[in-house]
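A.B. asks: Below you'll find the structure I mean.
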Ligand code: CIR
């Protein structure tokens with residue numbers, strides 16, 4: 001049976017120049033970031049994913065946050081037109097790999113989109129309207145899916161998925177103070193105000209940021225298994241667990 005693939009990219013020597021809302025106070029320890037990235041890859045492999053690991057791209061400090069380069073729907077992957085100039089060159093080398101597995105299309109340059117703003121659920125796709133993603137992206141994405149594509153205002157934090165993750169079984173983990181929640185009312189909520197809001201659900205297993213034990217307990221009560229992963233060096237650059245991979249489910 002075809003396996004789910006995770007595309008990842010290791011941090012390089014320039015990772016401590018990644019964009020950050022708090023780097024001045026908390027410099028990144030690159031050696032530690034590399035070790036944490038290896039543990040992240042091990043966790044994905046233990047879950048049963050095939051991991052395709054790209055070499056670091058030193059001219060792009062934010063390159064380990066591969067999620068922002070690509071959105072994957074069922075039968076198509078879409079190259080994201082990133083708004084942030086320093087991140088625009090990250091896509092091509094990763095898209096070259098993804099194209100070996102799935103058809104890829106580009107969105108028009110009038111759309112600004114980071115993959116971290118796209119929350120895909122069974123029935124609907126939610127798109128964060130954030131400092132990185134505009135309404136044009138919502139309209140452009142809608143052309144590639146039969147699901148309704150719904151804009152959600154991001155009030156605080158970088159992306160929509162900084163503050164909400166979908167686990168499956170109609171359950172989301174979210175920080176309701178950071179996003180406009182009206183369109184998310186039909187889900188069952190696990191509330192948090194911390195890093196737990198960005199977690200990565202692969203089937204029945206949820207990777208959650210180390211130390212989010214209360215949220216992990218609540219997630220397990222809903223029938224999932226959890227595994228804590230330490231990504232503190234990536235959190236210093238406003239990244240979370242989903243940011244570090246592009247997940248391609250083979251169907
Ligand atoms: C940035 O500001 O673009 C990076 N430092 C963090 C990107 C995190 N990506 C994500 O949440 N999908």
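The values are calculated or read from the model by the stated rules, or taken from the named source; none is laboratory data. Please read these numbers as outputs of a predicted model, since none were measured by experiment. Using ideal geometry, Cβ is built from the backbone for each residue, glycine included, and neighbour counts are taken over all protein chains shown.
A.B. asks: Condition first: more than 10 Å from the ligand (Cβ to nearest atom) and in a loop (DSSP other than H, G, I, E, B). Now tell me which residues in region 81-94 satisfy that.
C.D. replies: So in region 81-94, the residues more than 10 Å from the ligand (Cβ to nearest atom) come out as 81, 85, 88-89, 91-94.
Those that are more than 10 Å from the ligand (Cβ to nearest atom) and in a loop (DSSP other than H, G, I, E, B): 81, 88, 89.
A.B. asks: Just checking, does region 157-168 include any residue being assigned to a loop (DSSP other than H, G, I, E, B) and surrounded by fewer than 23 Cβ atoms within 10 Å (Cβ to Cβ)?
C.D. replies: There is no residue in region 157-168 that is assigned to a loop (DSSP other than H, G, I, E, B) and surrounded by fewer than 23 Cβ atoms within 10 Å (Cβ to Cβ).
A.B. asks: Let me ask something additional. Condition first: within 13 Å of the ligand (Cβ to nearest atom) and buried (at least 16 other Cβ atoms within 10 Å of the Cβ). Can you find one or more residues in region 135-147 that meet it?
C.D. replies: Keep residues of region 135-147 that are within 13 Å of the ligand (Cβ to nearest atom), which gives none.
No, region 135-147 contains no residue that is within 13 Å of the ligand (Cβ to nearest atom) and buried (at least 16 other Cβ atoms within 10 Å of the Cβ).
A.B. asks: Turning to a different aspect of this structure: Output the strands (runs of 3 or more DSSP E) that fall wholly within region 1-72 and possess 2 or more residues being more than 16 Å from the chain's Cα centre (by Cα), or say none.
C.D. replies: Details: elements: 5-9, 50-54, 70-72.
Ranges flagged: 50-54.
Yes or no, residue by residue, for (1) in contact (Cβ under 8 Å) with a residue 60 or more places away in the chain; (2) more than 16 Å from the chain's Cα centre (by Cα); (3) farther than 30 Å from residue 61 by Cβ; (4) part of a strand (DSSP E or B):
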{"position": "196", "(1), (2), (3), (4)": "no, no, no, no"}
{"position": "201", "(1), (2), (3), (4)": "no, no, no, yes"}
{"position": "206", "(1), (2), (3), (4)": "no, no, no, yes"}
{"position": "216", "(1), (2), (3), (4)": "no, yes, yes, no"}
{"position": "220", "(1), (2), (3), (4)": "no, yes, yes, no"}
{"position": "250", "(1), (2), (3), (4)": "yes, yes, yes, no"}
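A.B. asks: If we scan region 55-70, do we find a residue that is surrounded by fewer than 16 Cβ atoms within 10 Å (Cβ to Cβ) and within 23 Å of residue 127 (Cβ to Cβ)?
C.D. replies: Taking region 55-70 first, the residues surrounded by fewer than 16 Cβ atoms within 10 Å (Cβ to Cβ) are 55, 58-59.
Checking which are within 23 Å of residue 127 (Cβ to Cβ) leaves us with none.
Among the residues of region 55-70, not one is surrounded by fewer than 16 Cβ atoms within 10 Å (Cβ to Cβ) and within 23 Å of residue 127 (Cβ to Cβ), which makes the answer no.
A.B. asks: If you don't mind, another one. So if I check each of 176, 109, which one is part of a loop (DSSP other than H, G, I, E, B), more than 16 Å from the ligand (Cβ to nearest atom), under 28 Å from residue 235 (Cβ atoms) and out of contact with any helix residue (DSSP H, G or I) (no Cβ under 6 Å at 6 or more places or on another chain)? If you could, list the steps in order and put the result at the bottom.
C.D. replies: On the way: 109 fails: under 28 Å from residue 235 (Cβ atoms).
Of 176, 109, the one residue that is part of a loop (DSSP other than H, G, I, E, B), more than 16 Å from the ligand (Cβ to nearest atom), under 28 Å from residue 235 (Cβ atoms) and out of contact with any helix residue (DSSP H, G or I) (no Cβ under 6 Å at 6 or more places or on another chain) is 176.
A.B. asks: Name the one entry in 76, 102, 125 that is modelled with pLDDT of 95 or more, crowded, with 19+ Cβ neighbours inside 10 Å and out of contact with any helix residue (DSSP H, G or I) (no Cβ under 6 Å at 6 or more places or on another chain). So that I can check it myself, show each step before the final result.
C.D. replies: Details: 76 fails: crowded, with 19+ Cβ neighbours inside 10 Å; 102 fails: crowded, with 19+ Cβ neighbours inside 10 Å.
None of the other options fit; the residue is 125.
A.B. asks: Taking into account only those residues within region 196-223 that are surrounded by fewer than 21 Cβ atoms within 10 Å (Cβ to Cβ) and under 20 Å from residue 6 (Cβ atoms), which is farthest from the ligand (Cβ to nearest atom)?
C.D. replies: 204
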